[in-house]
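Structure record follows, encoded as structure tokens.
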């Protein structure tokens, strides 16, 4: 049980670190945060990282390096979400 | 045995109803229609005597997947795959929100909160009852009676200072 | 076993309803409404494919149905634009 | 006959009849959205594997896209008529 | 008897009848969506999950094509009715 929580934490931390490297803003700049389409470190990055990590763990089993890969993908997806889904 | 199931179902329905109405109202669904289609439904609900903000709330539920969709899909994935299913559902709901031109806050937060609730209530009420409870909740808002549901939603929106 | 028969009868019923509706349905002289009525027959064929477990045929029919609708709708729109000349000739 | 599937099936049947009977298009959309909720839950309860969950999610998002497009068209057509 | 089977069967029959009986094209398209729901329910009840995914992806595509076609069809009809027989000279 502890192993699973450890995996989640690893993917969370790597996604936050990579997102900081990619200069993703911590909080979206447009003021009514609930209507803004900008991705930020607080909102989509951890959720994407945990989701991708859960998928990878479900497909390939509990490995440490999968958590790192999931964190990386989570940060990349949240950084380039506007190009992927179209800027509104 | 049947009575126990029905009681669990109703309790899960009330929990789901409270969960997704509060999250949707907090994330500003009744304020303005997210998509052009929600305005039509809002005006139509106002025509038959309901509240405009409640109508925008129901229009936003129809047009873009929000906390109600997140709650339902997270409880489905929790029933099928346990806690990690809820996280996968949150990811897929975020992608679905982005496809429907919606910032995605409501759906994802709804999915995470219902995953937390199911994880806490695990031995007492199973995840299967939350699926049925969510259907009862959405039926009470969209399927049963539109006029009074939108008036109720308008009151809740006003109380949380989201609706004018 | 009766599950397969239900599918088959459902496919036949939808086919019959679709064809009759396309020919003598209400307001079916309008081209766009007639196109929508023929869609019901397409779904009837889908049910019959499902009854005979034709997985690949069902998949291709559903995929081609989208493109078929595109072509037919384009034809109806272009016809609606240039229809005005034919009326004057007939008169 | 499980009580949950019975309740969901009853609500789904009620929605199908209400879609067929109501006159105004916007309320048909609301009932269609509720029906889509019910069918997605039924699919997930019928196919008990994770693949069934994925099918339910994809079906639900595509149904929301459909009703979104219909609501947008109703808005556009209202100006023309 | 499986609940999904009963619901999608009733949904197909009512959807098919609805497409024929309703006169307004948008009502017809809503009933077509209902018919598609019944089809997907039947496909899932016979455990063809990949066909269900493809069918549920193709459903919004065909509905959007029909809706866009209907909007364009309506505008051309309205434009023709506004000008009647004698089109403005520029476009003749």
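Each reported figure results from applying straightforward, stated rules to the coordinates on display, with no laboratory input. Fair warning: this is a prediction, and the values are worked out from it, not measured in the lab. Please note: Cβ atoms are built from the backbone with ideal geometry, for glycine as well, and neighbour counts cover all protein chains shown.
Ordering C:56-64, E:18-26 by mean Cβ neighbour count within 10 Å, with the highest value first, yields E:18-26, C:56-64. The calculated FRET efficiency for the pair residue D:22 and residue E:72, based on their C-beta separation and a Förster distance of 35 Å, comes to about 0.80. What the Cβ-Cβ distance of residue C:23 and residue D:10 gives, at R0 = 25 Å and to the nearest 0.05, is a FRET efficiency of 0.10.
Let a ≥ b ≥ c be the square roots of the eigenvalues of the Cα gyration tensor of the stretch A:2-85; is it rounded (a/c under 1.5), or, if not, prolate (a/b larger than b/c) or oblate? Prolate.
Between the C-alpha center of the stretch A:1-71 and that of the stretch C:26-79 there is a gap of 44 Å.
Using packing as a proxy for protection, rank B:74-81, E:72-79 so that the peptide with the highest average count of other Cβ atoms within 10 Å comes first. Before the final figure, lay out the partial values.
Numbers: B:74-81: 26.8, E:72-79: 15.9.
Output ranking for B:74-81, E:72-79: B:74-81, E:72-79.
For the segment C:16-23, counting C-beta atoms of other chains within 10 Å of every residue's C-beta and taking the mean gives 2.
Which value at 222 nm does chain A reach when only helices count, each DSSP H run of 4 or more adding -39,500 (n - 2.57), with the total divided by all residues and rounded to the nearest 500 deg cm²/dmol? Don't skip to the end; give the middle numbers.
On the way: 4 runs with 58 residues, N = 88.
The helix-only estimate for chain A comes to -21500 deg cm²/dmol at 222 nm.
Between the stretch B:68-83 and the stretch D:17-49, the C-alpha centres lie 18 angstrom from each other. Using only Cα atoms, tell me the angle between helix D:50-80 and the longest principal axis of chain D; keep it within 0 to 90° and round to the nearest 10. Tilt relative to chain D: about 10 degrees. When peptides D:25-32, A:4-11 are sorted by average Cβ neighbour count within 10 Å, with the highest value leading, the order is D:25-32, A:4-11.
Calculated mean residue ellipticity, 222 nm, chain C: -31500 deg cm²/dmol, from DSSP H runs (n ≥ 4) at -39500 (n - 2.57) each, averaged per residue and rounded to 500. With a 10 Å cut-off around each Cβ of D:16-27, the average count of Cβ atoms from other chains is 6. Reducing the stretch E:1-74 and the stretch B:130-144 to their Cα centroids gives an inter-centroid distance of 22 Å. Placing a label point 7 Å from the Cα of residue E:2 along the Cα-to-Cβ direction, the residues of the stretch E:43-71 whose backbone N falls under 12 Å of that point are E:43-49. At what distance in nm do the modelled label points of residue A:13 and residue B:32 sit from each other, each positioned 7 Å from its Cα along Cα→Cβ? Those two pseudo-labels are separated by 4.2 nm. The simple Förster model, with R0 at 30 Å and r as the Cβ-Cβ distance, assigns residue E:47 and residue C:8 a FRET efficiency of 0.95. Expressed in Å, the radius of gyration and Dmax of the Cα atoms of the stretch D:3-80 are 14.3, 48. Taking the C-alpha atoms only, the angle from helix E:3-21 to the longest principal axis of chain E is near 20 degrees. Its relative contact order, with pairs defined as Cα atoms under 8 Å and 6+ residues apart, puts chain D at 27 percent.
To the nearest ten degrees, helix B:83-99 and the longest principal axis of the Cα atoms of chain B are 20 degrees apart. When a/c reaches 1.5 or more, the comparison of a/b and b/c decides; with that in mind, is the protein assembly as shown rounded, prolate or oblate per its Cα gyration tensor? Prolate, because a/c is 1.5 or more and a/b exceeds b/c.
Is the stretch B:35-112 rounded, prolate or oblate when judged by the Cα gyration tensor, a ≥ b ≥ c being the square roots of its eigenvalues, rounded requiring a/c under 1.5 and prolate requiring a/b larger than b/c? Spell out each step's value before the answer.
On the way: a/c = 3.72, a/b = 2.28, b/c = 1.63.
Prolate, because a/c is 1.5 or more and a/b exceeds b/c.
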